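In what follows, a single structure is set out as structure tokens and then discussed.
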Amino acid sequence: MLLTAKNLKISFKQDEGCVEAVRGIDFGINANEVLGLVGESGSGKTVTALSLMRLLSGKNCAVDGAINFGGKNLLTASNKEILRIRGSDIAMIFQEPFTSLNPVLRVGEQIDEAVLAHKKISKKDAKAETFCLLEKVKISDQERIYDSYPHLLSGGERQRVMIAMAVSLGPRLLIADEPTTALDVTIQAGILELILNLKKELNMAVLFITHDFGIVNKIADRILVMKEGRIVESGNKAEILSSPKEEYTKKLLDAVPKLPAQAPAGPVPSGCPAVIEVKHLNKSFSVEKGIFQKEKGRVYASRNINLEIKEGKTLGLVGESGSGKTTLGKLLIGLLKADSGEIKSRTPESMQIVFQDPYSSLDPRMRMQDIVLEGLTIRGAGRSERESALREVLFKVHLSYNDRLKYPHQFSGGERQRIAIARALAVKPKILILDEPVSSLDVIIQKEILTLLKELQKELFLTYVFISHDLRVVAHMADEVAVMKDGEIVELAPRQDIYAHPQHPYTKKLLSSGDWGRGIS
Amino acid sequence: MNKLMLFGGIVIFILITGAVLAPLIAPYDPTDINIEKALVAPSVRHILGTDQLGRDIFSRMVYGTRISLTIGFVAVGIAAVIGVALGSIAGYFGGRVDSVIMRFVDIMLCFPSFFLILAVVAIIGPGIYNIMIVIGLTSWMGMARLIRAEILSLKERDYVAAAKVLGAGSSRIIIKHLIPNGIGPVLVSFVLGVAAAILVEAGLSFLGLGIQPPTPSWGNILMEGKATLGVAWWLILFPGLAILITVLAFNLLGEGLRDALNPKGSE
């Protein structure tokens, strides 16, 4: 065993007593293995990782138990020893590579610094080593990356730079905390590949933290499943994926969105009337630079978009970040004005929208009932009308009427998304724009919300525009799928055709890189 | 809650109670002249002494609290209404509206405000209403900038977009969604502003352009004491201390509020 943790307990002092984040867990990491630590948000997986690096400190936090690494207990080792171990023996990479890089220092200098912190070599040698590292993480134009500031790099490049810094001293253990969650699927695959290759090359172990069983399936040798600060199940990957013992693990596995194994037969939506017709729609934004805000160029977010959205059906709008899918959603609903082209809608008044982040889409200073009823209040509805509408719509989205006086922060992420859906439904729309409605939720909650949306569609005969970066999720929602890239729709076809016979190379690439769910029963 | 903030809060509470209950607390009529007892040093009958007309200083100071606090709150209230209204309009609408309003703010900030207040009061005449209005009209710019900055970031939130989609107009979005969420820093600035306004009033009264005798205010008690400084130290010391402690209390409360409202700033 490279590292063993015994009876590890972590608790945080808060205003109202103590919160136990980790409640006594035991686990070990073998040399050269990838250990997948899986759990939902709040399960304690990230604090566990931070405690291994002894990055949890302060008087409000208590860490108890023992962490053995190379014959030393990391929890009682002196600060000097810990500083030596960090970076050279144990290294870590994080979810958000942008906030982990200093924005005012060139990327190359930062890697030099990491090298110089532990090795007594000249600056020139450090630079040479940095180039070597950049090559190791498969960055081809090292000169450019070395001289760039972090904001000029793409998300994938930034994560590669972070990995280069992490492995600069050849650590024996790499802790990766959701390193691909913020990245597009096509980039994700490359980063996972890189981590696996480096593991072999450098003979290191990897503790890979994620909420996504799909990724675990691709990368891990062994799996730990965490829930509410406890390890509920552990074992070899094959064992857990094929025959999970715990109810919770089964539930997690079941909730992982999967690509349909075969082209699912669905009703061909061609017979339905169109509620929205989009013709030759264009939208661009100007890019301004410098203190005089001179226009330096234009970004084309929508290029010659032609669409028909059919009544009672779901149109899936799929693309990676920057593909223009959110812009198109905002154009449809009128939050943005198009440069040219037209949007013909049969019922322009009855369109509503649900956003991705249920934390920023609800006004934190309003009570739940005021949020849900805002549309009716604006329309001047009377007291009794609002009261009955509130009961009805809360019942539909499975929220308790008794919670109507609570504020948004008193609800969980899934409940907040239900509130956002209720707010949209309260004004009885015909069409809902769903802009990544489940992307920021845990898988189990994701599944609940998707099921709810399907129920509502059937019950209220709603038309959905479902925007997502995840083809797996769209596979279960959409009747028709439009794949977007750089502001253009590169492929538009009924669901079964997209998944069974993708035509465009980009669609094929998206499908192959997102296909990790396969193999999970 | 921070201890210093608690101290500030308690002092302000005592001051407000004193101002409200002034007729019950003050042992004498603050304008009652008694030449025989002029310039009596602090004693049991006159705990803070008397002035050159024999008026009881403690009574005058208690009534002076009313004037100081009223001017502080009303003047800053006027400033807050103007500042929040203009700042939120500038922040929400942006573009030309924003440029015009914010350049006006810049222009107003160019004048040294105390001299501007002095000049205006000299022209329109002293008096409690004039002073409150003039202080209010010259101290709203900071609040306008604060709320504008808040609104610039808040207006990009999804809940604002959701409200637009539901059909909410600009005024509803500003009043219902943006101002309640962005008012925190203005609240802090409000409390700090009260302290500043009390100082300005004291300064004006000291220069003879503020509250006119015989109405007592801390500033004009100080001014009247200036003539007899050599023989009656109590005429200067007590009103001076009152101003000091009050301004300190408001500043402590304001700083405490700032920390409480900004979780990133606190430890």
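The values are calculated or read from the model by the stated rules, or taken from the named source; none is laboratory data. As the structure is a computational prediction, the values presented were derived from the model and not from experiment. In this analysis, Cβ positions are derived from the backbone assuming ideal geometry, glycine residues included, and neighbour counts consider all displayed protein chains. Side chains included, ligands, DNA and RNA excluded: accessible areas come from the protein's heavy atoms. Shrake-Rupley method; radii C 1.70, N 1.55, O 1.52, S 1.80 Å.
Miscellaneous remarks
- At an R0 of 41 angstrom, the distance between the Cβ atoms of A:Lys119 and B:Asp259 translates into a FRET efficiency of 0.45.
- Sequence of A:Met484, B:Met5 from largest to smallest accessible area, 1.4 Å probe: B:Met5, A:Met484
- Projected-area average for the protein assembly as shown over all orientations - Cα convex hull basis, square nanometres: 43.4 nm²
- Global form of region A:18-95, assessed from the alpha-carbon gyration tensor, a/c cut-off 1.5: oblate
- Drop in accessible area of at least 20 Å² in the complex versus isolated chain, residues of region A:330-351, 1.4 Å probe: A:Leu335
- For chain A, the residue among A:Pro494, A:Leu101, A:Ile333 whose Cα projects farthest onto the positive side of the dipole built from Cβ charges is A:Leu101.
- By the rule of a C-alpha distance below 14 Å, with chain neighbours fewer than 8 residues away ignored, the aspartates and glutamates paired with A:Lys136 are A:Glu157, A:Glu193, A:Glu201.
- Net charge dipole size for the protein assembly as shown [Lys, Arg +1 and Asp, Glu -1 on Cβ; Debye, nearest 20]: 280 debye
- Basic side chains Lys and Arg get +1 at the Cβ, acidic Asp and Glu get -1 at the Cβ, and with that the dipole of chain B about its Cα centre reaches some 640 debye.
- Distant-in-sequence amide H partners of A:Ala21 (H built 1.01 Å from N, under 5 Å): A:Ile10, A:Ser11, A:Phe12
- Pairwise FRET efficiency - B:Ala149 versus B:Ala227, Cβ, R0 = 45 Å, nearest 0.05: 0.40
- Exercise: per-residue mean of other protein chain Cβ atoms within 10 Å, B:107-114: 0
- With Cα atoms, 0 to 90° folded angle of helix B:113-124 axis to chain B main axis: 70 degrees
- The eigenvalues of the Cα gyration tensor, multiplied by 5 and square-rooted, give chain B an equivalent ellipsoid with semi-axes of 42, 20, 14 Å from largest to smallest.
- 10 Å binning of all Cα-Cα separations within region B:105-244, expressed as whole percents from 0 upward: 11, 29, 24, 18, 11, 5, 1, 0
- Difference of contour (0.36 nm per residue) and Cα-Cα distance, A:Asp254 to A:Ser242: 3.2 nm
- Rolling a 1.4 Å probe over the protein heavy atoms of chain A, with every protein chain left in place, gives an accessible area that is 49 percent carbon and sulfur.
- Only Lys, Arg, Asp and Glu carry charge here, each on its Cβ (+1 for the first two, -1 for the last two); on that basis region A:269-513 has a dipole of about 300 debye about its Cα centre.
- Chain A - percent relative contact order, Cα under 8 Å, separation 6 or more: 16 percent
- Each residue of region A:429-438 was assigned a 3J(HN,Hα) from its phi angle through the Karplus curve 6.51 cos²θ - 1.76 cosθ + 1.60 (θ = phi - 60°); the sequence is x, 9, 10, 10, 8, 10, 9, 6, x, 10 Hz, with glycine and proline shown as x.
- Computed over the alpha-carbon pairs of region A:269-513, the distance histogram in 10 Å steps reads 7, 30, 34, 21, 8, 1 percent, short to long.
- The GNM of chain B, with springs linking C-alpha atoms under 10 angstrom apart, assigns the highest mean-square fluctuation among B:Val84, B:Val44, B:Val120 to B:Val44.
- Percent of beta bridges antiparallel (DSSP, region A:112-270, rounded to nearest 5): 55 percent
- The residues of the protein assembly as shown have, on average, 46 Å² of accessible surface per residue, using a 1.4 Å probe with all protein chains present.
- The sum of -39500 (n - 2.57) across all DSSP H runs of n ≥ 4, divided by the residue count of the protein assembly as shown, sets its helix-only mean residue ellipticity at 222 nm to -14500 deg cm²/dmol.
- Peptide A:363-372 has a mean of 3 when you count, residue by residue, the C-beta atoms of other protein chains within 10 Å of its C-beta.
- C-alpha center-to-center spacing [region A:190-225, region A:451-505] in angstrom: 30 Å
- Seen against the Cα atoms of chain A and their longest principal axis, helix A:443-460 is set at about 0 degrees.
- Cβ-derived FRET efficiency at R0 60 Å, A:Glu455 paired with A:Asn102, nearest 0.05: 0.80
- DSSP beta bridges confined to region A:269-513 are antiparallel in about 55 percent of cases.
- Cross-link pairs A:Lys325/A:Lys508; A:Lys6/A:Lys199; A:Lys80/A:Lys119 - those with Cα-Cα distance over 21 Å: A:Lys6/A:Lys199
- Between chain A and chain B, roughly 1600 Å² of accessible surface gets buried, counting both sides and using a 1.4 Å probe.
- The amide H of A:Gly36, built 1.01 Å from its N in the peptide plane, has A:Phe208, A:Asp221, A:Arg222, A:Ile223, A:Leu224 as neighbours under 5 Å, considering only residues 5 or more places off or on other chains.
- For region A:25-34, the Karplus equation 6.51 cos²θ - 1.76 cosθ + 1.60, evaluated at θ = phi - 60°, returns couplings of 10, 10, 7, x, 10, 7, 4, 6, 10, 9 Hz by residue, with Gly and Pro reported as x.
- Angle between chain A longest axis and helix A:123-136 axis [Cα atoms, degrees, rounded to 10]: 50 degrees
- In order along region A:300-316, the Karplus-derived 3J(HN,Hα) couplings, from 6.51 cos²θ - 1.76 cosθ + 1.60 at θ = phi - 60°, round to 8, 8, 9, 10, 6, 7, 10, 8, 10, 10, 9, 4, x, 10, 10, 9, x Hz, and Gly and Pro are given as x.
- What separates the Cα centres of region A:27-51 and region A:377-426 is a distance of 38 Å.
- Average partner coverage of B:173-185, which counts Cβ from other chains inside 10 Å: 2
- For A:Arg158, the accessible area of its heavy atoms, probed at 1.4 Å with every protein chain present, is near 40 square angstrom.
- Put simply, the amide H of A:Val481, placed in the peptide plane, has neighbours under 5 Å in A:Gly316, A:Ala493, A:Arg495, leaving out anything fewer than 5 places away on its chain.
- Share, in percent, of DSSP beta bridges within the protein assembly as shown that are antiparallel, nearest 5: 55 percent
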